[in-house]
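S.K.: Please find one structure pasted underneath; my questions will follow.
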Amino acid sequence: MTRTTRRTALGLIAAAFTAATGGIATAQDMPPPFDDPGEVRIALVRYLSTGDFFQAYLSGVERQAEALGVDLRIFDSRQDAALQADMVDQAIALGVDGIIIQHGLTESMREAAQRAVDAGIKVVAFDVNVENAAIPQIEQSDYLLGELALEQAIRDNGTEWDAGYVYVPGIAPLDRRHAAWEDIKAANPGIREVAQMGTLDNPIANSNANQARSVLQANPTISVFFAPYNEFAKGVKIAVDEAGLTPDISIYSADVSTADIAAMREPDSAWKATVATNPAVVGEVSVRALAIMLAGGDPGAQVVVPPTLITQAMLNDMDITNMETLSERLPQFAHADVAMTDWMPLPPR
């Protein structure tokens, strides 16, 4: 296929996406380098990939990359911090135009991200603080996720309770949610943290279930568990169910998936509420922010996708059974008007 033929084909693809989304962009209308999008290469370098959230995030990245017509390369370090840094170097060596860094540890990613910037590559980071002013941070407003979940816990349980808490320090979104937890405790001294646990060892839910079993046995006064990541909440729920404590403990979390919705809707489920953005939408926003940079624009230092409170009662009352019906019945969950341009085609809805 000649370059001219390829441009024409890509233009038709972009036009098809545009028609599906009601936009006005075509490949011919897009600024360089997206006037020849097949020549644009971007990389997604992942730290975390286990769980429904990360699969949905990946699907959003793939859909937006496909809508743009760019060449997407995926690197998955499977929670190996050193390997993730090496994978950034691999992407640099491949000559990619842009890199999305998805999660990771600041100490291992700071220098790797700087090497990419030094090589002239545009970089965005999702839920990892690489401490670099040249790299926009894609965020879910993690502090607000934690705050909204805890405010619901207070509405449901008052301001006097013993809590179990799941936390792994050094992960940017968990650190931001932790800040909300500390602020809520300071403002409500009747909320007592009697146990803290947490691990990111695979499989994450089962590993946390093992820890939660010991925590529940040692701390029978716990009536609320704050588990601000859905894989943490799954693990706590496994332990609570096995211990026969479902009527006595309420779980509050962050993030959501179809499996989580089913778990929250089980009869008398201990999982009372979660606060989430649509991970697929966050993936799309990550690609759009990077595309804006590649076209010479500035998406802003922080690109924030607003979260939605999702309660067990809401799921039951609205008969929400999966991510599709959640998006249908809560339109604010289905799309975020973040990192948008007139020229950029969107995935079909």
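The values are calculated or read from the model by the stated rules, or taken from the named source; none is laboratory data. Small disclaimer: the values here were computed from a predicted structure and weren't measured. Ideal geometry is used to build each Cβ from the backbone, glycine not excepted, and the neighbour counts take in all protein chains shown.
S.K.: Select, from Ala133, Ala125, the only residue that is among the small types (Gly, Ala, Ser), out of contact with any strand residue (DSSP E or B) (no Cβ under 6 Å at 6 or more places or on another chain) and touching a residue at least 24 places away in the same chain (Cβ under 8 Å).
M.R.: Ala133
S.K.: Can you name the residue in region 256-282 that is polar (S, T, N, Q) and within 19 Å of Val224 (Cα to Cα) and is also surrounded by the fewest Cβ atoms within 10 Å (Cβ to Cβ) among such residues?
M.R.: Restricting to residues being polar (S, T, N, Q) and within 19 Å of Val224 (Cα to Cα), the top hit is Ser269.
S.K.: Based on this model, can you work out whether Ala239 counts as crowded, with 20+ Cβ neighbours inside 10 Å, free of Cβ contacts under 8 Å to residues at least 60 places away in the same chain and either assigned by TED's automatic domain parsing to the domain that holds Tyr167 or in contact with a Phe, Trp or Tyr (Cβ under 6 Å, 6 or more places away or on another chain) (or both)?
M.R.: For Ala239, the condition - crowded, with 20+ Cβ neighbours inside 10 Å, free of Cβ contacts under 8 Å to residues at least 60 places away in the same chain and either assigned by TED's automatic domain parsing to the domain that holds Tyr167 or in contact with a Phe, Trp or Tyr (Cβ under 6 Å, 6 or more places away or on another chain) (or both) - is met.
S.K.: Then there's this: Which is under 15 Å from the mean Cα position of the chain (by Cα) and modelled with pLDDT of 95 or more, of Leu68, Leu44?
M.R.: Answer to the selection: Leu44.
S.K.: Quick check: is even one residue across region 280-295 under 30 Å from Pro33 (Cα atoms), in the same structural domain as Ala125 (by TED's automatic domain parsing) and in a loop (DSSP other than H, G, I, E, B)?
M.R.: Yes, the conditions are met somewhere in region 280-295.
S.K.: Would you pick out the residues in region 308-335 that are over 20 Å from Gly283 (Cα atoms), outside any helix (DSSP H, G or I) and not aliphatic (A, V, I, L, M)?
M.R.: Thr311, Asp319, Thr321
S.K.: Determine, yes or no, whether Asp201 is closer than 17 Å to Glu231 by Cα and in contact with an Asp or Glu (Cβ under 9 Å, 6 or more places away or on another chain).
M.R.: So Asp201 fails the test.
S.K.: Anything in region 166-184 that is surrounded by fewer than 17 Cβ atoms within 10 Å (Cβ to Cβ) and touching a strand residue (DSSP E or B) at 6+ places or on another chain (Cβ under 9 Å)? List them, or say none.
M.R.: Gly170
S.K.: Name the single residue that is surrounded by the most Cβ atoms within 10 Å (Cβ to Cβ) among those in region 185-202 being farther than 20 Å from Asn219 by Cα and not polar (S, T, N, Q).
M.R.: So, considering only residues that are farther than 20 Å from Asn219 by Cα and not polar (S, T, N, Q), the one surrounded by the most Cβ atoms within 10 Å (Cβ to Cβ) is Leu200.
S.K.: What number of residues within region 127-173 are within 28 Å of Ser214 (Cβ to Cβ), outside any loop (DSSP other than H, G, I, E, B) and modelled with pLDDT under 95?
M.R.: 4
S.K.: Can you tell me which condition Gln90 does not meet? The list is (1) touching a Phe, Trp or Tyr at 6+ places or on another chain (Cβ under 8 Å); (2) crowded, with 19+ Cβ neighbours inside 10 Å, and all the others hold.
M.R.: Of the numbered conditions (1) touching a Phe, Trp or Tyr at 6+ places or on another chain (Cβ under 8 Å); (2) crowded, with 19+ Cβ neighbours inside 10 Å, the odd one out for Gln90 is (2).
S.K.: Does Glu62 count as closer than 17 Å to Leu294 by Cα, touching a helix residue (DSSP H, G or I) at 6+ places or on another chain (Cβ under 9 Å), surrounded by fewer than 22 Cβ atoms within 10 Å (Cβ to Cβ) and at pLDDT 95 or above?
M.R.: So Glu62 fails the test.
S.K.: Based on this model, can you work out whether Leu58 counts as out of contact with any Asp or Glu (no Cβ under 7 Å at 6 or more places or on another chain) and either assigned to a loop (DSSP other than H, G, I, E, B) or in the same structural domain as Asn202 (by TED's automatic domain parsing) (or both)?
M.R.: Answer is no for this residue.
S.K.: While we're on this one: Against the definition (touching a residue at least 12 places away in the same chain (Cβ under 8 Å) and either assigned to a loop (DSSP other than H, G, I, E, B) or not assigned by TED's automatic domain parsing to the domain that holds Ala291 (or both)), how does Arg78 come out, yes or no?
M.R.: So Arg78 fits the description; yes.
S.K.: Let me ask something else. Condition (residue is within 17 Å of Pro279 (Cα to Cα) and modelled with pLDDT under 95) applied to region 74-89: is it met by at least one residue?
M.R.: Within region 74-89, none of the residues are within 17 Å of Pro279 (Cα to Cα) and modelled with pLDDT under 95.
S.K.: Would you say Val285 is touching a Pro at 6+ places or on another chain (Cβ under 6 Å), crowded, with 23+ Cβ neighbours inside 10 Å and in contact (Cβ under 8 Å) with a residue 12 or more places away in the chain?
M.R.: When the stated conditions are applied, Val285 does not pass them.
S.K.: Let me ask something else. What are the residues in region 309-337 that are modelled with pLDDT of 95 or more and surrounded by 17 or more Cβ atoms within 10 Å (Cβ to Cβ), if any?
M.R.: Once the filter is applied, which keeps residues that are modelled with pLDDT of 95 or more and surrounded by 17 or more Cβ atoms within 10 Å (Cβ to Cβ), region 309-337 yields Ile310, Thr311, Gln312, Leu315, Ile320, Leu326.
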